[in-house]
Amino acid sequence: MATMNVIFLFLMWTYASGLSSPPVTRNTIFGDEKQIGEIFENIDTVKDDADNYTLYRLPTTTRPKHYDILWTIDTYKRVFDGQVDIELYATQPNVSEIVIHAHEMNYSFVELKYNDAIISRQYSLLPEAQFMRIILQNSSMEYNASNPVVYVLSVGFNAALRKDMLGIYESWYRNPGGEEKWMATTQFQATAARKAFPCYDEPSFKATFNITIRRPTELKSWSLTRKLYTENATLAGYQNDVYSKTPVMSTYLLALIVADYDSITLPSNVSEQLHYEVIGRRSVLRSQGNYALYLGKNLTEVMGIHTGKDYFSLHENLKMTHAAIPDFDAGAMENFGLITYREAYLMYDTEHTNDYFKQIIAYILSHEIAHMWFGNWVTCDFWDSLWLNEGFARYYQYFLTHWVEGYMGLDSRFINEQLHTSLLADSSDTAHALTNPKVGSPSSIRGMFDTITYNKGASVIRMTEHLLGSEILEMGLQKYLADNAYKTARPIDLFEALQNVSLSTGAISQYRNFSFIEYYRSWTEQAGHPIVNVQVNHKTGDMVITQRRFNINTGFSRNNKQYVIPLSFTSADNIDFNNLKPSHIMRDGVIVINRGSVGNHWVIFNKQQTGFYRVNYDDYTWDLITAALRSSNRTLIHEYNRAQIVNDVFQFARSGIMSYNKAFNILSFLENETEYTPWVAAITGFNWLRNRFAGTNYLAPLEELITKWASTVMNQLTYYPRQNDTFMTSYLRYQLAPFMCRMNVRRCLDAAESQFRALVNNQTEVPVNSRNWVYCHALRLGSKADFDYLWQRFNTHNVYTEKILLLMTLGCTNDEESLNTLLNNIVEENFVIRKQDYTTAFNTLLNENYENVRIAFRFIQRNLTQVLKAFDGASPITNIASRLRSSQDINAFKSWASQNNNTLGNYYKGIVEQAQSTQSSLDWAFEVQDDIGQYLQEGDTEITTTTFAPPTTPQISTISPPPLVEPDSPNLPDSSVTTMISLSLIIITAIVHYLI
């Protein structure tokens, strides 16, 4: 009876608070989070093409079987031309039109043949859809369902090497003491193969390819497969490199390189067949390429064991080449057998590459190697389910690397870097589902390459691993790959493979009426994620658990959804954070679980944060958790769950579910915390608050509090590397030290100055893992001479990771003349700063002090046209707008924008909206300042607990959530969906679950 009373009171409160008042309208997503590379970068961009997405899709009335491609690459004139012969066939009778992709090239001829006879045809271009249409004038194509009738479509094409790092594009490089050299390379994903040759440029139109590259005799070429032979070309001064046939594959995975490059290989004996290779600039390859060569080999072998399919058995002609590219906007690309990387993401120098870049090299290798199976061998059928490629590659980016380079701690770092970031990105009502069918245009396809697709995709896979067990997941994935080898797949193919293995092994037999397909669909076909609210009756042990879709602005989304949630929990009287198999599956809006004990024991849900959801508790249970975290037994709660609590309460306070006073009381345990994941979660939360309160009277006391809480961990780490530091110890210092310096902690600034002076005065190199904060904060304290010293180092250094690090710190100087030197070299066309690094270099100016924002703005006012051209848009201007710190500055900025409306053109609206968003950020800070101020003034509230919790009405939210309405749900077989319309139906559901 007591349990039913609790349920009744809980549901009565939920019903009353949900329906008695209108939804709260709030916004906590501000301009600085919408900049390039930030968590909400694409939030204002339409994610799909609504009802027009089919206009951009190729008809399926014809399909390619094979391509013969000749590319002639002239790196001196920086142009290319070629011919493609496409063997294709009709997929149905009466086809009289062939539609393929072709875009931004010139076409010298278009010819269609059948049995060597030329077919009369007309062709036209549809630039908006990026189509080429070939219409048969007097006939339709022959059709045979069992034995396809093959036609050959031949097209000649030519264009300049592109400058936008798409298609076939130009890139320059320089060896020490030498002049700039030009090369050609490619980036075809997702829709740029059509800019390199006419083709069926969608993933599902797989075919084989024979590639010939005609290049200047003094250069070399590379493509996907092993080279068959080289012959003299009919064009003087050129040779043809003829490559063996590719596997059946999609066009976006093709690649070529023409450059004066060198290579290191395994095996090194030239008489043996090539397997592993790294290529790059001659001056860096042999000194910096070996880490990628040997690690790449190990990762490829381990991934082959994991998938049950050795890489070289995927196709007889494949080899594995890793190529370092100077200019590469994408970062890295999984071309089948010729993986391309930014040079900084492949080349490792033991003296000048810090652990940050070393782990980037390691996990990007893992990511791209994993794609050989998940993406290349089995490919998502279309970009609407891109997570089938990228979610798995991101998952293996962390866990494949962990299997091989375990000291890097990537299993722990997944929590902060993937799970927490994707929960935040997925917390707006405009977030798209993992499977997002209404995409078709190139712009909407680009929008799918985001945090949700990558990070959430990986996080849902990790949740599934713990639901099924690692061995069962591996078996299921092997079946999925084998069943769909050399083909494309839809999500249902994955779901069915995993479900079949799960059923046959009994992996899900403990869950009554559980449909694995329903589970996976609820996480991939619906956007968002739930907040699980836990109300504990400590007298009976009953826990009433509800789910609502979380929203970062208002706490609960007005667009509610229902998720199939794997629940796991542990409590203080029987602590077990290691058994990660979920004990219950939550399919409905409410469920009751008895924890198996009574008394004032804390309970923690989502052990090791394996599930993709947030957890909130009743006030008394939060008090029990807070008391435990403040006690000497703090570490009995798993490190990952301490990080989960940090991340959750920051977002609960931001969204209005929890007061900042209460959140800070919970976070007070950080004063004694020394582990990696909780502190990295804290840095993220505190930085968001610091950005909100910059320029206010609350920033100084907030930073004083943070400094106090961080003193224990910093005393343990120190500001100087030690001989016995582990990778993770060093990596935590790498992140905490600059955080402390930004708050002007004297010990940090003194350490930066000391280490920098040793470099300038005695040529004693700064420890490689300290350079990120030593360079920056020494420049903040230093002079123009100090900037000149590092500027010279940037211009002459031959290790690209060090050059990037310098670009990430040069903007820390306060000297306006020095900053103008940097800004001029960003916007001028030269061989100093690469276009791919413009944003990195520019943003550094804005991150360290407010005066630099003003300096950058003055530069833009003087050089507006040049800035817009250099950045291909107004991103630097919107970035400045997002960092203004007073209403006076915002109004002055808007006035300037209005005066320059004509020059700003289409960018004007976005610039003004960004300034208005910044004003909203200031307004938000004003609204919550008393809440935060209460804690800053009064400190911790003493936690007192009794034997049993007082019988009070549950209080979950400090704001009124939106009305409870029937959630949208995918059309699933045997779906158990709770309709939350009336109080009586909620109570009936709760009673049924309780009795079961």
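Determine which lysines satisfy two conditions relative to Lys561: a Cα distance under 20 Å, and not lying fewer than 8 residues away in the same chain.
Lys47, Lys438, Lys456
With a cap of 15 neighbouring Cβ atoms within 10 Å, and only residues DSSP puts in a loop, list the GluC sites (Glu not before Pro) found in the range 135-190.
Here the GluC sites (Glu not before Pro) that fit, given the DSSP loop and packing criteria, are Glu142, Glu179, Glu180.
Compute the separation of the alpha-carbon centres of the range 751-809 and the range 225-258 and state it in Å as a whole number.
Value for the Cα centre distance between the two parts: 44 Å.
If you check each cysteine of the chain for another cysteine whose beta-carbon is under 4.7 Å away, which ones come up empty?
Result for the chain is Cys199, Cys380, no neighbouring Cys Cβ within the cutoff.
Out of the total accessible area of the range 170-311 (probe 1.4 Å, heavy atoms of protein only), what percent is carbon and sulfur?
Its accessible area is 49 percent carbon and sulfur atoms.
Computed from the coordinates I sent, Rg and Dmax of the Cα atoms in Å equals one of (1) 31.8, 112; (2) 40.8, 115; (3) 29.5, 94. Tell me the label.
Here the calculated entry is (3).
Could you derive backbone 3J(HN,Hα) for the range 702-708 from the dihedral phi with the Karplus parameters 6.51, -1.76 and 1.60 (θ = phi - 60°), listing whole Hz in sequence and x where the residue is Gly or Pro?
5, 5, 4, 5, 4, 4, 4
Sum -39500 (n - 2.57) across every DSSP H segment of at least 4 residues in the chain, then divide by the residue count to get the 222 nm mean residue ellipticity, nearest 500.
My calculation for the chain gives -12500 deg cm²/dmol from helical runs alone.
With everything on Cα atoms, drop me the angle between helix 387-404 and the longest principal axis of the chain, reported from 0 to 90° to the nearest 10.
80
Rolling a 1.4 angstrom probe over the protein heavy atoms, how many square angstrom per residue are accessible across the range 241-347?
The answer is 29 Å² per residue.
Treating cross-link reach as a plain straight distance, find the aspartates and glutamates whose alpha-carbon is under 13 Å from the alpha-carbon of Lys708, omitting any fewer than eight places away in the same chain.
Within the straight-line limit of under 13 Å, Lys708 reaches these aspartates and glutamates: Glu671, Glu673.
With everything on Cα atoms, drop me the angle between helix 816-827 and the longest principal axis of the chain, reported from 0 to 90° to the nearest 10.
Relative to the chain, helix 816-827 is tipped by roughly 50 degrees.
Scan the range 914-946 for GluC sites (Glu not before Pro) in coil per DSSP, keeping those whose Cβ has at most 16 other Cβ atoms within 10 Å, and list them by number.
Taking the range 914-946 and a limit of 16 other Cβ atoms within 10 Å, the loop GluC sites (Glu not before Pro) found are Glu942.
Quick one: accessible area per residue over the range 506-593, 1.4 Å probe, rounded to a whole number of Å²?
26
Given a 1.4 Å probe and every protein chain left where it sits, what share in percent of the accessible area of the range 421-517 is carbon and sulfur?
49
Out of the range 761-840, which GluC sites (Glu not before Pro) are coil in DSSP terms and have no more than 15 other C-beta atoms within 10 Å?
Glu765, Glu828, Glu829
Residue by residue, what Karplus-based ³J(HN,Hα) values in Hz, rounded to whole numbers, does the range 292-302 have, using 6.51, -1.76 and 1.60 with θ = phi - 60° and x for Gly and Pro?
The phi angles translate into 5, 5, 6, 5, x, 4, 5, 5, 5, 5, 5 Hz.
Report, to the nearest whole %, how much of the accessible area of the range 55-118 belongs to carbon and sulfur atoms, 1.4 Å probe, protein only.
Roughly 44 percent, rounded to a whole number.
Name the residue farthest towards the positive end of the dipole of the chain from the options Ser875, Gln122, Ser597, assuming +1 on Cβ of Lys and Arg, -1 on Cβ of Asp and Glu, about the Cα centre.
Ranked along the dipole, the leading option is Gln122.
Classify the range 631-776 from the C-alpha gyration tensor, please: rounded if a/c falls under 1.5, else prolate or oblate depending on whether a/b exceeds b/c.
Oblate is the answer for the range 631-776, as a/c is 1.5 or above yet b/c matches or exceeds a/b.
Sequence neighbours fewer than 8 away in the same chain don't count; with that in mind, list the aspartates and glutamates whose C-alpha is under 19 Å from Lys869.
Counting by Cα, and skipping residues close in sequence, Lys869 has these aspartates and glutamates nearby: Asp164, Glu170, Asp327, Asp329, Glu828, Glu829, Asp837.
Check Phe871: other-chain or 5+ apart residues with amide H under 5 Å from its amide H, H built from backbone geometry?
none
Name the long-range amide H neighbours of Lys561: under 5 Å, sequence gap of 5 or more, or other chain; modelled H, no Pro or chain starts.
Under 5 Å from the amide H of Lys561 lie the amide H atoms of Arg549, each far enough along the sequence or on another chain.
Accessible area per residue, 1.4 Å probe, Å², for the range 608-733: what's the number?
I get 30 Å² per residue for this part.
The values are calculated or read from the model by the stated rules, or taken from the named source; none is laboratory data. The model shown is predicted, which means the values in this text are computed figures rather than measured ones. Every residue, glycine among them, receives a Cβ derived from its backbone with ideal geometry; neighbour counts consider all protein chains shown. When the accessible area is computed, the model is the full protein with side chains, heavy atoms only, and any ligands, DNA or RNA have been set aside. Shrake-Rupley method; radii C 1.70, N 1.55, O 1.52, S 1.80 Å.
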